Amino acid sequence: MLLKIIRFLRGSVDFTASGKFPERFMNITVKNGVNLWNPVPKKNAISASMYLSDYKKIRILSRKSRVKTRITAKHGLPFIINRYKKRTGLFAGAVCGIILCIFLSNFIWSVKISGTEEISNTYLESLLGDNGISVGVWKNNLDTDQIERNIQLKCDDIRWMSINITGSLVTVEVKETYKKPKLDTSKKPCNVKAVKDGVITRIQAYNGRPVVTKGSGVVNGQILVSGLDETKQGDMRYLRANAKVYADITEQQTLSIPKKVTYSYADENYVDRKNFRFLWLDFPCNLAFENYDNFVSTVHGENLFINDVVLPVGLRIRTDRELVTTENSVSKNKAEEIAKADCILYEIFTKNKSKVISKQISVKENKDGYRVTTDYIFNENIADQVDFDVTE
């Protein structure tokens, strides 16, 4: 491979030496230090290859050996330069291109993040940007060790990170902090009390003396499991009571729905605004004169890849969709459907640790709209540890 590169840079020719004694020509050239390769004997002739600089020296040698030489093929950079030497713009463009590539290699073209699970890449990119790492930044002035320390001090969820700059690519590796479960390490005595009114359905006492039974009705603040217990010797001891006490509780949710609802939605009308992106610069690719008074935008784009190398060139498209405002009347059946959807969200996000035993939805119409009432019966843990002083 190296020999091919050298021959390309120096230039070489394929030639034919014809005459009565071509073998004599070969011997003379070797004695004079001329390097030949790929010799092929022919009738009263021989063909071979040599460097361009050596071919200029063999004219005298060919006369001595009484042979005639003729070039059959030319290879290498000198012939390419000679072919295009009158096209100065081509060489100037090549030189400018090389200088531009060297200059652009000092900028960050892409940032790649790996190892995140709980931490969002968007948040981490904002932290990197605050510390000077983003696409289009001059990379030679970046102190990666200091940036790593700054980000770890800013974000407690990162226990280790490494920032590596390879060429124009920044690779960020992150290890997140292990979240330890919260353990009850307090040694103070406490009772387990009810946080809501309800009817007991199940008791799981881990420590302490239960003072209620299954089927008992309890009120908010009532002791369920006592932290005061009597030993076999008749002495009293203080415990840190711990238990899960499940009970059926009642709960009511109300929702007011107007008879006329005004809302906005994204219409089918849209316009794409395309920009050619080079590093941090955006150049418009199309002329989109249409504008909307109210609109919602989505942005997406991709950079050019060559052999998994991200180039600082890409296309960014912003799509603007027109927002249309409309007013609709709400019927009683529609109000009930809205209430059911609201109940589903409430059960998923607010009461996700509770079990729905029953649910009754009632809709009442009034002058301004509808009042929707939902009566629930949930089964959930109503136990809460409450410390007490032994002097009480």
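FYI, it's all coordinate maths here, none of it is from the lab. Everything numeric here is computed off the predicted structure, so don't read it as measured data. FYI the Cβ positions are ideal-geometry reconstructions off the backbone, even for glycines, and counts take in every protein chain you see.
With R₀ set to 45 Å, the beta-carbon distance separating THR298 from LEU153 gives a calculated FRET efficiency near 0.80.
Computed over every Cα-Cα pair of the range 1-135 and binned at 5 Å starting from 0, the pair-distance distribution P(r) comes out as 2, 8, 13, 12, 9, 8, 6, 6, 6, 6, 5, 4, 4, 4, 3, 2, 0, 0 percent. Look at the dipole of the chain built from charges on Cβ: of SER126, VAL313, VAL211, the Cα furthest out on the positive end belongs to VAL313. Considering the chain as a Gaussian network with a 10 Å cut-off on Cα pairs, which listed residue, ASP282, ASP14, ASP197, attains the greatest mean-square fluctuation? The residue with the greatest mean-square fluctuation here is ASP14.
For the chain, the Cβ-based charge dipole about the Cα centre amounts to some 4820 debye (Lys, Arg positive; Asp, Glu negative; other atoms uncharged). Neighbours of PHE25 by Cβ distance under 9 Å: Lys/Arg scored +1, Asp/Glu scored -1, total +2.
Rounding to the nearest 10 and keeping the result within 0 to 90°, find how far the Cα-based axis of helix 332-349 lies from the longest principal axis of the chain. Roughly 80 degrees, rounded to the nearest 10.
Of all DSSP beta bridges located in the chain, what percent are antiparallel, nearest 5? Approximately 95 percent, going by the DSSP bridge assignments. With a cut-off of 10 Å between beta carbons, the residues surrounding ASP387 carry a summed charge of +1, where Lys and Arg count +1 and Asp and Glu -1. Among TYR51, TYR346, TYR265, the largest mean-square fluctuation in a Gaussian network model of the chain, built with springs joining Cα atoms closer than 10 Å, belongs to TYR51. Across the range 12-52, the mean sequence separation of Cα contacts (distance under 8 Å, 6 or more residues apart), normalised by length, yields a relative contact order of 55 percent. Considering only alpha-carbon pairs that sit under 8 angstrom and 6 or more positions apart, the relative contact order computed for the range 91-180 is 36 percent. All Cα-Cα distances of the range 91-180, cut into 5 Å bins from zero to the largest, leave 3, 13, 24, 21, 14, 9, 6, 5, 3, 2, 1, 0, 0 percent in each bin in turn.
The length gained by stretching the chain between SER186 and SER105 to full extension, at 0.36 nm per residue less their Cα-Cα distance, is 23.3 nm.
Between LYS112 and VAL219, the FRET efficiency from the beta-carbon distance, with R0 = 56 Å, is close to 0.45. Taken over the C-alpha atoms, the range 262-325 has Rg and Dmax values of 14.9, 52 angstrom.
Given +1 at the Cβ of Lys and Arg, -1 at the Cβ of Asp and Glu and no other charges, the dipole of the range 262-325 around its Cα centre is 260 debye to the nearest 20. Give the value in nm², to one decimal: projected area of the alpha carbon convex hull of the range 210-345, averaged over all directions. Result: a mean projected hull area of 20.9 nm².
Using C-alpha pairs below 8 Å separated by at least 6 residues, the relative contact order for the chain is 13 percent. Report Rg/Rh for the range 2-81, rounded to two decimals, where Rg is the Cα radius of gyration and Rh the Kirkwood radius. Ratio of gyration radius to Kirkwood radius: 0.97.
Can you give the % of DSSP beta bridges in the range 190-246 that are antiparallel, to the nearest 5?
The answer is about 95 percent antiparallel.
Net length available on complete extension from GLU268 to SER354 is 26.8 nm, with 0.36 nm assigned per residue and the Cα-Cα distance removed. When its C-alpha radius of gyration is set against 2.2 N^0.38 Å (N residues), the range 208-275 gives a value of 2.59. Once you reduce the range 341-361 and the range 166-219 to the center of their Cα atoms, the two points are 21 Å from each other.
Looking at the chain, the pairs of alpha carbons with a distance over 40 Å make up 63% of the total. To the nearest 0.05, what FRET efficiency results for GLN204 and ASP143 with a Förster distance of 51 Å applied to their C-beta separation? The computed FRET efficiency comes out at 0.40. In this simple spin-label model, placing a label point 7 Å from the Cα along the Cα-to-Cβ direction at both LYS31 and LYS340 gives a separation of 10.9 nm.
Counting only alpha carbon atoms, the long axis of helix 121-130 and the longest principal axis of the chain meet at about 70°.
With contributions of -39500 (n - 2.57) from each DSSP H run of at least four residues, the per-residue ellipticity at 222 nm computed over the chain stands at -7000 deg cm²/dmol. The peptide list 33-40, 142-149, 316-323, put in order of mean Cβ contacts within 10 Å with the highest first, becomes 316-323, 142-149, 33-40.
If you run the Gaussian network model on the chain, springs between alpha carbon atoms under 10 Å, then out of PHE278, PHE79, PHE305 the most flexible one is PHE79.
All alpha carbon pair distances within the range 190-246 were sorted into 10 Å bins beginning at 0; the resulting P(r) in whole percents reads 26, 51, 19, 3.
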